[in-house]
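A short reminder: the numbers here are calculations on the coordinates, not readings from a lab. What you see is a predicted model; the values in this text were computed from it and never measured. Positions of Cβ are backbone-derived with ideal geometry, glycine not excepted, and every protein chain shown enters the neighbour counts.
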Amino acid sequence: MAERKVRKTAGKTAANTTKRTATKTTAKTAAKRTTRTKAAAKEDFRIGELDQYLFSMGTHYDIYKKMGAHEAVMNGKKGVYFAVWAPNAATVSVIGEFNGWREEANPMTRLEPSGIYEGFVVGAKEGMLYKFFIKTKDGRGLYKADPFANYAEQRPGTASRITDITKLRWSDAAWMEARKQRDNDSLPVSIYEVHPGSWKKHPHGEDEDGFYNYREFAKSLAEYVKEMGYTHVELMGIAEHPFDGSWGYQVTGYYAPTSRYGTPEDFAYMVNYLHKQKIGVILDWVPAHFPRDAHGLEEFDGGCVYEYADPKKGEHPEWGTKVFDFGKSEVKNFLIANALYWVEHFHIDGLRVDAVASILYLDYGRENGQWTPNIYGGNKNLEAIEFFKHLNSVVLGRNHGAMMIAEESTAWPKVTGKPEEDGLGFSHKWNMGWMNDFLEYMKLDPYFRKWNHNKMTFSMTYAYAEKYILVLSHDEVVHLKCSMINKMPGLYDDKFANLRAGYAYMLGHPGKKLLFMGQEFAQLQEWSEARELDWYLLAEDKHQQMQNYVKALLHLYKKTPALYDADQDPCGFEWINADDADRSIFSFVRHSKDGKSNLLFVINFTPVARPDYRVGVPKRKQYRLVLDGDAAEFGGNTTERPVVYKAVKSECDGREYSFAYDLPAYGIAIFKF
């Protein structure tokens, strides 16, 4: 018994010893694995072979997480990892506040075959300024800002600034989740186009330019936009740019929210805040060209890296800028990843793509002999066509509910068509044809409008060719083009009456809407980026009444499906009388897809009152006046009129039923039925 007991105890002891040994071995192995994993994770910030391969193929959509400047730890030491693409350079080094801007202090290592240079600088940290010093093969020294920098020194400084955008704080999950389900085609989209630096200025602010910080701007803008009834804001000039007078259309920092209004964290706060207020955010985005500033992308490493080498393709003669080389996979990657950076990393809801026509046409803005034809002898940029298809497929494919909006000024087919059907793949297109015809008509003396009636009706012949946004943008109220109110003919009161009629027509016409800031209250001066809007005008009745009128239109738009859910469907629009040229009166109906929401528009574009006006109607119904443009609250002359009108059996406008309405000079009547 005792012997068995001893043997049993010995067995247990041996087993326990074996178990402990095995556990220790397993723990050691696990620890080694963890150490290797941690080491791999620490090294994961570096550009690897796969990164180089994907970048060379144009499909590294998160390349901005590797390129640029990122805080990291290497060999137990804290610092910053720098990476820059400079394939033609002889040498590259990083210079900055961390090394006294000494050109030879931190040379970078070239990675083959990509031509990317990398370097790790111990002691570099967030907030420090830096640049890349590039020695060209012909011996020149170039001081370049980082193309992938997420933050930049405020102008006139041109250096990049180390920052960390991996810790942005978001609380807009509900908005982002809802965006995935959003069908913009069947929802109201009314966009307030805003230039942050000149919307409002601090009279005695800390910033010498009077700029609002992104955070202050967000709160002030959101309050105004919600009150007015806009669904989205479109912000100009967000990507870093050196010259205020370019309005942000000559970009040097594609991955950096401009430091004029604060930090990247401040910018994220603004987007987040607007989302919490249920306001969508669209940015102007400029892949068409870039400026020739010495610290920018032009001949970045002494050769043509980002631009076409052929000056007939690589330069815009009219603008004095350089054109991206859409034949290079790395350049396309730079731009596509940048679009994703804004939409995904900063939660932007859409990009309005600037100057699309200038990208598509090789002869855009060029005389004969100034452009190089494509391989078939034509004027289409075949590489750019493929770029747009790739761009839109990726951005919209990964971000359902986001918008990619083309500012395309020609009749290029299928701009919003599917790429697989040879379309460019944009979600929407600015309707520049409508805008030009509309403004030409509105500027006419009313006496001459009868001979130009088709300017207002022609757009309906192509209204469903693309998914359109009707725009009255910043471009129409600068450079001696006059503000919207001063485009209108006539004396003071007539100008306001004309503009009310024009805005009503815009509301009723199929297509989403965009209006530039200040035009909602009839700003008198042309817009200038150097001063704030003339808010003081709201102390005058006419301007306050115009603002009230636009607010009424916007709120009517948001709550009436007939005005938005069938924008791409011919069933949503019906002419009552498109041919009343002699009286310059337009009457039409908007229908919702389900037929339950219907509005009748009657708009008089002359100063002649029509007290005996009769309008044909689709049905023998009661028609309720929901907006009277001549109401005293909007600056008109009518204080009281009947609200309900009953259609009777009396032929008019080719319709069996009609009703009579006292239509004032420049009268606007919108009826619900």
- Query: Hey, how much of the P(r) for the stretch 221-353 falls beyond 26 Å, as a percent of Cα pairs?
  - Reply: 28
- Expected sort for 263-269, 371-377 on mean C-beta neighbours within 10 Å, highest first, is 263-269, 371-377
- Task: Percent of Cα-Cα pairs per 10 Å bin, from 0 to the last occupied bin, for the stretch 361-503, please list those.
- Result: 10, 29, 29, 21, 9, 1
- Task: Starting at the first residue of the stretch 249-266, write each ³J(HN,Hα) from the Karplus equation 6.51 cos²θ - 1.76 cosθ + 1.60 with θ = phi - 60°, in whole Hz, x for Gly and Pro.
- Result: 9, 10, 8, 10, x, 5, 9, 10, x, 4, 6, 3, 10, x, 8, x, 5, 5
- Message: Using +1 at the C-beta of Lys and Arg and -1 at the C-beta of Asp and Glu, which of ILE469, GLN250, ALA222 has the Cα lying farthest in the positive direction of the dipole of the chain?
- Response: ALA222
- Query: Given the pairs LYS276/LYS672; LYS513/LYS551; LYS201/LYS495; LYS418/LYS512; LYS219/LYS278, which are separated by over 23 angstrom at their Cα positions?
  - Reply: LYS276/LYS672; LYS201/LYS495
- Item | When the convex hull of its Cα atoms is projected in every direction, mean area for the chain (nm²) | 42.7
- Any number yet on Rg/Rh for the stretch 49-161, C-alpha, Kirkwood? 0.95
- Which ³J(HN,Hα) values, rounded to whole Hz and listed in residue order, are derived for the stretch 663-673 from phi using the Karplus coefficients 6.51, -1.76 and 1.60 in 6.51 cos²θ - 1.76 cosθ + 1.60 with θ = phi - 60°, glycine and proline given as x? 8, x, 4, 6, x, 10, 10, 10, 10, 9, 8
- Message: Taking 8 Å as the Cα distance limit and 6 or more residues as the minimum spacing, I'd like the relative contact order of the chain as a percentage.
- Response: 10
- Considering the convex hull of the alpha carbon atoms of the stretch 316-371, report its projected area averaged over all viewing directions, in nm², one decimal. 4.6
- Projected onto the charge dipole of the chain (unit charges on the beta-carbon of Lys, Arg, Asp and Glu, signs +1, +1, -1, -1), the Cα from ASN272, PHE45, ASN374 with the largest positive-side position is that of PHE45
- Between the stretch 311-338 and the stretch 418-450, the alpha-carbon center distance in angstrom: 27
- Query: Within a Cβ distance under 14 Å of ARG614, other residues only, what is the Lys/Arg minus Asp/Glu net charge?
  - Reply: -1
- What is the dipole size for the chain, taken about its Cα centre, with +1 at each Lys and Arg Cβ and -1 at each Asp and Glu Cβ, in debye to the nearest 20? 4220
- Note on the structure: The answer for GLY280, listing residues at least 5 apart or on another chain whose modeled amide H is closer than 5 Å to its amide H, is HIS232, VAL233
- Note on the structure: P(r) over all Cα-Cα pairs of the stretch 285-431, 5 Å bins from 0 to the longest distance, whole percent per bin, short to long, reads 2, 10, 19, 22, 21, 15, 8, 3, 0
- Message: Compute, for the stretch 197-237, the length of the dipole vector about the Cα centre, with Cβ point charges of +1 (Lys, Arg) and -1 (Asp, Glu) only. Units Debye, rounded to 20.
- Response: 180
- Message: Could you tell me the center-to-center distance, by alpha carbons, between the stretch 617-673 and the stretch 216-244 in angstrom?
- Response: 37
- Normalising by the residue count of the stretch 570-672, find the relative contact order in percent from Cα pairs under 8 Å and 6+ residues apart. 32
- Classified through the alpha carbon gyration tensor (a ≥ b ≥ c as square roots of its eigenvalues; rounded if a/c is under 1.5, else prolate when a/b is larger than b/c, else oblate), the stretch 442-532 comes out oblate
- Message: Could you work out [θ]222 nm for the chain from helices alone, using -39500 (n - 2.57) per DSSP H run of at least four and dividing by all its residues? Round to the nearest 500 deg cm²/dmol.
- Response: -8500 deg cm²/dmol
- Task: Report, largest value first, the span of the C-alpha coordinates of the stretch 190-561 along each principal axis, in whole Å.
- Result: 59, 54, 37
